[in-house]
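Data first, discussion second: the structure below is written as structure tokens.
The values are calculated or read from the model by the stated rules, or taken from the named source; none is laboratory data. Please read all numbers here as calculations on a predicted model, not as lab measurements. Don't worry about glycine lacking a Cβ; one is built from the backbone with ideal geometry, like all the others, and counts go over all protein chains shown. Protein only, heavy atoms only, side chains kept; ligands, DNA and RNA dropped before computing areas. Shrake-Rupley method; radii C 1.70, N 1.55, O 1.52, S 1.80 Å.
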Amino acid sequence: MQLVKWAHALAESLLAESLPRRWAHSQRVYSQALSLAPALGEDAELLAAAAITHDIGYAAAAVDTGQHMIDGARYLRDVVGADSRLCSIVAFHTSSSWEASELGLDNALNEFGPAEPELVDAITYCDLTSSPGGGLVDPAERLEEVLERYGPEHVVFRAVSAARPELMARVARVRQRSEAVAAELS
């Protein structure tokens, strides 16, 4: 739990005051990660730490490439010396691979690979079930909100549009895994 406390304090210091909506969103993503703990076993704490820090790349202190997933992972690695697995989950969350490709940042993203599919699925589920303001949201509605917010000319719109089928497949895999674990436990 020490990792989670550290990650929470870091994310709060970078987001709470300057980016309160990102902070609210990150707190919900964290809450969603905690709900997946039974299905994640020994990786539950790692996912919780990644969840609370997943958007620190938006903080002014972390901006480097302009792709918040890579920037957050670089900040974690280079500034605070975080575990490589934590950095990888942050780097690869949600539509990162598609966005990096659109921006010509594949090599930068690959600094953090290879991605761990089950953990990338889990962080993506947590992100897509959390609204920008910190509420729970249906993943399909969340993707629609992102597309509307950015518009067709933006790199995020193009990346999310291309990634959408895989993002929804990630959500489905996490739900299936969680349901299977819940059935085993009951």
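Residues in the stretch 9-24: is at least one open to solvent by 30 Å² or more (accessible area, probe 1.4 Å), within 22 Å of Ala108 (Cβ to Cβ) and charged (D, E, K, R)?
Yes: one or more hits.
Among the residues of the stretch 166-177, are any touching a helix residue (DSSP H, G or I) at 6+ places or on another chain (Cβ under 6 Å), in a loop (DSSP other than H, G, I, E, B) and either surrounded by fewer than 14 Cβ atoms within 10 Å (Cβ to Cβ) or not aromatic (Phe, Trp, Tyr) (or both)?
No, the stretch 166-177 contains no residue that is touching a helix residue (DSSP H, G or I) at 6+ places or on another chain (Cβ under 6 Å), in a loop (DSSP other than H, G, I, E, B) and either surrounded by fewer than 14 Cβ atoms within 10 Å (Cβ to Cβ) or not aromatic (Phe, Trp, Tyr) (or both).
What is the number of the single condition among (1) in contact with a Phe, Trp or Tyr (Cβ under 6 Å, 6 or more places away or on another chain); (2) in a helix (DSSP H, G or I) that Arg21 does not meet?
Just one mismatch for Arg21, condition (1).
Consider Val29 carefully, then state whether it is of a type in the set (Val, Ile, Thr), farther than 16 Å from Gly133 by Cβ, open to solvent by less than 30 Å² (accessible area, probe 1.4 Å) and in a helix (DSSP H, G or I).
For Val29, the condition - of a type in the set (Val, Ile, Thr), farther than 16 Å from Gly133 by Cβ, open to solvent by less than 30 Å² (accessible area, probe 1.4 Å) and in a helix (DSSP H, G or I) - is not met.
Quick one: how many residues across the stretch 153-165 are free of Cβ contacts under 8 Å to residues at least 12 places away in the same chain and open to solvent by less than 20 Å² (accessible area, probe 1.4 Å)?
0
Working only within the stretch 130-147, note down all residues that are in a helix (DSSP H, G or I), free of Cβ contacts under 8 Å to residues at least 24 places away in the same chain and out of contact with any Phe, Trp or Tyr (no Cβ under 9 Å at 6 or more places or on another chain).
Glu141, Arg142, Glu144, Glu145
Does the stretch 61-68 contain any residue that is among the charged types (D, E, K, R), free of Cβ contacts under 8 Å to residues at least 40 places away in the same chain and either closer than 17 Å to Trp23 by Cβ or assigned to a loop (DSSP other than H, G, I, E, B) (or both)?
yes
All but one of (1) in contact (Cβ under 8 Å) with a residue 12 or more places away in the chain; (2) farther than 17 Å from Gly72 by Cα; (3) more than 17 Å from the chain's Cα centre (by Cα) hold for Tyr150, so report the exception by its number.
Here Tyr150 meets the rest and fails (1).
So which residues in the stretch 102-115 are open to solvent by 70 Å² or more (accessible area, probe 1.4 Å) and either under 15 Å from the mean Cα position of the chain (by Cα) or under 25 Å from Glu144 (Cα atoms) (or both), if there are any at all?
Answer for the stretch 102-115, where residues must be open to solvent by 70 Å² or more (accessible area, probe 1.4 Å) and either under 15 Å from the mean Cα position of the chain (by Cα) or under 25 Å from Glu144 (Cα atoms) (or both): Glu102, Leu103.
Which residues, counting only those in the stretch 69-93, are open to solvent by 10 Å² or more (accessible area, probe 1.4 Å) and closer than 20 Å to Pro139 by Cα?
Of everything in the stretch 69-93, just one residue is open to solvent by 10 Å² or more (accessible area, probe 1.4 Å) and closer than 20 Å to Pro139 by Cα, namely Phe92.
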